[in-house]
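Laboratory data are not the source of any read-out in this text; all were calculated from the coordinates shown. All of these numbers come straight from a predicted model, not from anything done at the bench. Neighbour counts run over all protein chains shown; Cβ positions are idealised from the backbone, glycine included.
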């Protein structure tokens, strides 16, 4: 109960004053000056031993407290720092901005007077809804910790960027339809058809002899499709051992089989999610893998080896082969259901002999690619290239040009620089057909005589050069010329 006392006012009226309840007790509970000093010293001791540097400023950005960590970092006397403006130590300090907004700024870069850089937090102090001061706190104990971490982070960032670029390079199409060189009717028609196929999402089967450029068409189809921004994953079925093909294609979970990686494996199908999966040499895919792949293509559901649940996948399948899949089906080496699923859209890439008119353009492109713009190919050499049968198609043409360039020594690429295989078989099949009724020995003799005469003529009578063109010795050339009575050619 409160005590009430009565006093007289100057006009004689009473003044009633009420003594606050428990005032005596509160007076007794208030801290003494010594206790306050002990509390401040204790708080200072705590702040001096925390990991980070701490500075407390008032509303005018004047330092009211600096712990020893910050004093050591700034190489300053903490007692002399009290009362100084924060910009004496941080010329470009943003404390005034944080004070004005009252919003904490976390993980910010902060420059010292020594041009060193720290990472700091700026935390305004609030009282009754008003900003009365601010705390500047380093996230690191010293600058070395910061620089070490930044160095590690930068190294990690560079590594991630490098791996990302490498992954994007591996999982992206490198060619477009513009990369397919040629103006012949055969190549134009197949490019137009492939472009139409690219606009759909159905599987595509690319057929063609070795070296015709099937992979270029696969890349181009992906690059022109609505999946062009997704991954383009290539797998050569002939390059992977058959007992590993399933794990490579479908992936597996940890411990799926003896010898399996503890981390499991991401399969090529999963990598192609959102993009295109290109399977080269599809004829080499085992029958059981064909059945599993057919299920994935039809249901868009993938179950890794050893997994108990399936995951949805979304990819487009493009397959290629130089084998006769129908013949393989008749022998039970290729599944019919899988073939008919693949053969919705078929591209038959023409051979080089079906597009002979493109050879000159291809040669020019190959020279440009090899950075040999200054080298001219003679008409005689081009004529030989156009007569050759090219069993290896464009790939073989590239190898022939590379081989010829290695011996041109900077001059024109002439017949003498071409491999003897090309020279020996440069006559067309039609040239031989008219002699098909003659004996083999007789026709071989006539063929050899024709080659000898042609080589001597191309060499302008120089027997050493003619022998080099034919890939035989000079003495052998003389002997064969005498045998075929070509002495007149020599004189």
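Sorting the Cα pairs of region 267-384 by distance into bins of 10 Å, from 0 upward, gives 11, 31, 22, 17, 15, 5, 0 percent per bin. Computed packing ranks the peptides 220-228, 446-454 as 220-228, 446-454, most packed first, by mean other Cβ atoms within 10 Å.
At R0 = 45 Å, how high is the FRET efficiency between residue 336 and residue 482 if r is their beta carbon distance? Nearest 0.05 is fine. Once rounded, the FRET efficiency stands at 0.15. For the listed peptides 311-319, 151-159, a ranking on the average number of other beta carbons within 10 Å per residue, highest first, reads 311-319, 151-159. Please state, as a whole number in µm²/s, the translational diffusion coefficient that the Stokes-Einstein equation yields for region 177-348 at 4 °C and 1.567 mPa s, with Rh defined as the Kirkwood radius across alpha carbon pairs. After rounding, the answer is 78 µm²/s.
Between residue 82 and residue 106, what is the FRET efficiency for a Förster distance of 22 Å, r being their Cβ-Cβ separation, to the nearest 0.05? Computed FRET efficiency for residue 82 and residue 106 comes out at 0.30. Taken along the Cα-to-beta-carbon direction at a fixed 7 Å, the label points for residue 201 and residue 127 span 6.5 nm.
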